[in-house]
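The values are calculated or read from the model by the stated rules, or taken from the named source; none is laboratory data. All values reported here derive from a predicted model rather than from experimental measurement. Glycine gets a Cβ as well: all are built from the backbone with ideal geometry, and neighbour counts include every protein chain shown. Quick note on the areas: whole protein, heavy atoms, side chains included, nothing else; ligands and nucleic acids left out. Shrake-Rupley method; radii C 1.70, N 1.55, O 1.52, S 1.80 Å.
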Amino acid sequence: MNVGILTSGGDCQALNAAMRGVAKTLYNKCPDIKIIGIENGYTGMIYGRSHEMFQEDFSGLLTKGGTILGTAREPFKHIADIGEDGVDKVKSMEDFYYQNNLDCLVILGGNGSIKTAALLSSKGLNIVALPKTIDNDIFGTDMSFGFMSAVDVAVNTIDCIHTTAASHSRVFIVEVMGHKTGHLALSAGLAGGADIILLPEIPYKLEKIISKIEEQEQKGRHFTIIVVAEGAVSEEELKIPKKELKFLRGQTPISLELASQIRLMTRKDVRVTIPGHAQRGGSPNAYDRIFSSRLGAAAGDFIVEKKYGVLAALSGAKIEAVPLSEVAGKLKKVDVHSDVVSEAKSLGICFGD
């Protein structure tokens with residue numbers, strides 16, 4: 001059996017651990033297994049960059065961050081376009097699959113990568129996908145690997161900010177990743193004891209934020225911690241066309257814009273911290289090591305069972321095979337009516353609404 005494996009899109013913790021889980025399962029259950037590592041995601045398939053991998057290549061990967069195969073972005077919205085070099089990307093990927101006599105292709109990726117995986121599956125390629133993203137926004141799975149490790153990084157940042165914010169009686173804004181969804185901001189804000197959490201799913205009113213800061217002052221708590229997802233928007237910004245808003249965000253991050261507005265309205269000392277790509281870096285935490293290993297083992301089992309065209313997804317306590325056709329192109333947003341949001345509000349956390 002010949003199995004190709006690639007990591008696509010942005011990197012995150014536990015990509016290597018997930019690949020290790022797939023490989024160890026296949027080596028244990030298929031004595032004749034051959035694994036082809038595809039370099040730099042779909043780009044490697046398109047341009048034929050790959051190499052055979054062996055058992056020793058997967059040793060020591062459980063704690064190693066990043067991806068030993070490298071990764072790159074091939075945006076789904078352009079995947080069917082003929083490139084400037086005249087290359088038909090989809091056909092090139094199909095050709096790679098058949099020229100290497102692959103029985104299955106394992107894809108570790110986020111939403112865009114899964115859409116491409118579903119496209120290849122629809123063309124007859126045997127695909128098994130694993131959910132990778134620190135945004136935890138992949139539809140059909142309760143959890144994506146990399147998310148809990150990113151939460152740890154963000155929470156550590158917030159923890160460090162708490163002491164300096166309290167010492168100087170400042171408002172501190174911590175901007176975390178999350179263009180379209182606020183799962184990371186919500187979890188990090190809750191775990192870090194934030195006073196205000198701003199999510200893309202809940203457009204905020206500036207006056208509500210100011211009111212919360214003033215409430216803190218009245219209670220004798222002279223500092224405020226705000227956790228904001230990079231894609232958070234105000235009610236006023238909802239009136240701006242999406243392309244224009246995207247351009248404005250590219251010029252000025254939400255955290256810096258918000259800091260300027262709060263300074264003007266409160267005369268408070270406001271500082272901004274953006275952990276940025278640190279949230280995707282470093283070693284996976286214990287949860288992600290276990291979770292990605294389970295996902296990898298399940299994916300290996302799916303391959304042995306010839307269960308293709310599926311995403312290895314967490315449902316409750318079980319790893320299940322969910323058809324790619326049911327998850328591709330869908331986004332798992334924060335449920336603004338969920339218990340966790342309601343409970344956060346009961347704790348006194350302001351969402352700006």
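Worth a mention:
- Residues located in segment 217-233, provided they are open to solvent by less than 10 Å² (accessible area, probe 1.4 Å) and out of contact with any Pro (no Cβ under 6 Å at 6 or more places or on another chain): 224, 225, 226, 227, 228
- Just one residue in the set 341, 327, 322 is of a type in the set (Val, Ile, Thr), out of contact with any helix residue (DSSP H, G or I) (no Cβ under 7 Å at 6 or more places or on another chain) and closer than 30 Å to residue 121 by Cα; that residue is 322.
- Checked against (1) in a loop (DSSP other than H, G, I, E, B); (2) surrounded by fewer than 22 Cβ atoms within 10 Å (Cβ to Cβ), residue 194 meets all criteria but (2).
- If you go through segment 16-35 and pick out every residue that is out of contact with any Leu (no Cβ under 6 Å at 6 or more places or on another chain), open to solvent by less than 10 Å² (accessible area, probe 1.4 Å) and in contact (Cβ under 8 Å) with a residue 40 or more places away in the chain, you end up with 5.
- Flag for residue 329 being open to solvent by less than 30 Å² (accessible area, probe 1.4 Å), at positive phi, in contact with a Lys or Arg (Cβ under 7 Å, 6 or more places away or on another chain) and not β-branched (Val, Ile, Thr): no
- Conditions (1) open to solvent by 60 Å² or more (accessible area, probe 1.4 Å); (2) in a helix (DSSP H, G or I); (3) under 23 Å from residue 303 (Cα atoms): number failed by residue 77: (3)
- Residues of segment 165-182 that are open to solvent by 40 Å² or more (accessible area, probe 1.4 Å) and touching a residue at least 40 places away in the same chain (Cβ under 8 Å): 166, 168, 169, 179, 180.
- Whichever residue in segment 4-56 is aromatic (Phe, Trp, Tyr) and touching a helix residue (DSSP H, G or I) at 6+ places or on another chain (Cβ under 7 Å) and, among such residues, is nearest to residue 134 (Cα to Cα): 42
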